[in-house]
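**Student:** Could you have a look at this structure, given as C-alpha cells, before my questions?
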Amino acid sequence: MEYQEFPVPEGLRRHVQCVWRLVDDRPRGVQTIYPDGRCELIAQIGGQSRLWDAVEGWHLQAQTLFAAQRVTAVRFEPIGRLDDVGVRLQPAASSLVTRELAAMRDRVVDLAGIDRGTSRSLDTAARAFVVGKPEPLWRLLSRLCDAHRVDNRIEAAVARLIESDGGARIDAIARAVSLSVRTLQTRFLAEVGLSPKEFARLLRLQATLRALDGDSALANVATDTGFSDQAHATREVRRLTGF
C-alpha cells in the first residue's frame, strides 16, 4: 500500500487541508479508517470498494464520493486494485459542496447525487492529477472555494479546539469568538457537520491513538488527552472506533 499527501496552492488552504492518493495493488479484506473530523471528496480511478453503513449495509460505492462527517469508524472492502485520489477539507469548510451535512452524517455518498457537474469534473481532474497534471484539480477546487464563504468565527472555534486537542471548554470558546454557546453550537453544526463537543471528542480520540502508537499504556495516555480516567478513554475509543 502506498499513501501520499500533497499540499495545495496557498489560495485554497483555507478550504482544503491537502490532496491525497492511496494506491494498493493487492488490497486484502475489510479495512478500517477512524474518524478525524474532516470531510473528503474522493475519486476512485482504479477499482471500486464496498462500504458498510447503517442505511444500506454493505454496498458498492460510486466512482466519485463525498465522505461526510462521522462519529464511527469507516469500514470498506476494496474490489480489485485500489487507486483513490482524495481532497481533505478543512473542518470549517465541510459544507463546500452541500449544506445538508446533518442528513449525510456517518455516510459516504455518491457525489453525483449532490452535484453531477462537480462529480464529472472531479473524476477528470483526479485522472489528470495522477499523471502529473494537477492544474485541472486546482481549477475545480478554486471554483468551489470561490463560491463558498468560510464562517470566520467557526473557523476560529475550530482552531482553538485543534490547538487544545479537544480539551478547550466550549463555553470559553464561545466567549472567545463572541458567540453565545447556543449560537456557537448551531453554527458549528451547520458548517462543520458535528457539534463542538463531538468534534472535540474526535480530536481527543486522535490524540489518544497517536499516543498509543508510541506504545504508551492507555492508563498513562488517558488524562494527558483530556479523559477523566482510563475507563472513560476506553469507552470513547470503543465507541468511536467500533472496537
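Rule-based calculations on the coordinates, nothing more; no lab input. Just so it is clear, the model here is predicted, and its values are computed rather than measured.
**Student:** When averaged across all projection directions, what area in nm² does the alpha-carbon convex hull of region 105-203 cover?
**Tutor:** 7.8 nm²
**Student:** Using amide H atoms built 1.01 Å from N in the peptide plane, name the residues 5+ places from Gly46, or on other chains, whose amide H lies under 5 Å from its own.
**Tutor:** Asp83
**Student:** Where does the chain land on the Kirkwood hydrodynamic radius, alpha-carbon pairs, in angstrom?
**Tutor:** Every distinct Cα pair counted, the radius reaches 18.8 Å.
**Student:** Could I ask something else about it? Name the long-range amide H neighbours of Asp106: under 5 Å, sequence gap of 5 or more, or other chain; modelled H, no Pro or chain starts.
**Tutor:** Amide H neighbours of Asp106: Gln69, Arg70, Val71.
**Student:** Additional query: In nm², what is the average projected area of the convex hull enclosing the Cα atoms of region 2-146?
**Tutor:** If I average the Cα hull's projected area over directions, I get 7.9 nm².
**Student:** Output the relative contact order of the chain, whole-number percent, from Cα pairs under 8 angstrom with separation of 6+ residues.
**Tutor:** 20 percent
**Student:** Now, a different point. Apply the Karplus parameterisation 6.51 cos²θ - 1.76 cosθ + 1.60, with θ equal to phi minus 60°, to every residue of region 71-88 and state each ³J(HN,Hα) to the nearest whole Hz, in sequence, with x for glycine and proline.
**Tutor:** Working through the residues one at a time gives 10, 10, 5, 8, 10, 9, 10, x, 10, x, 5, 9, 8, 10, 10, x, 10, 8 Hz.
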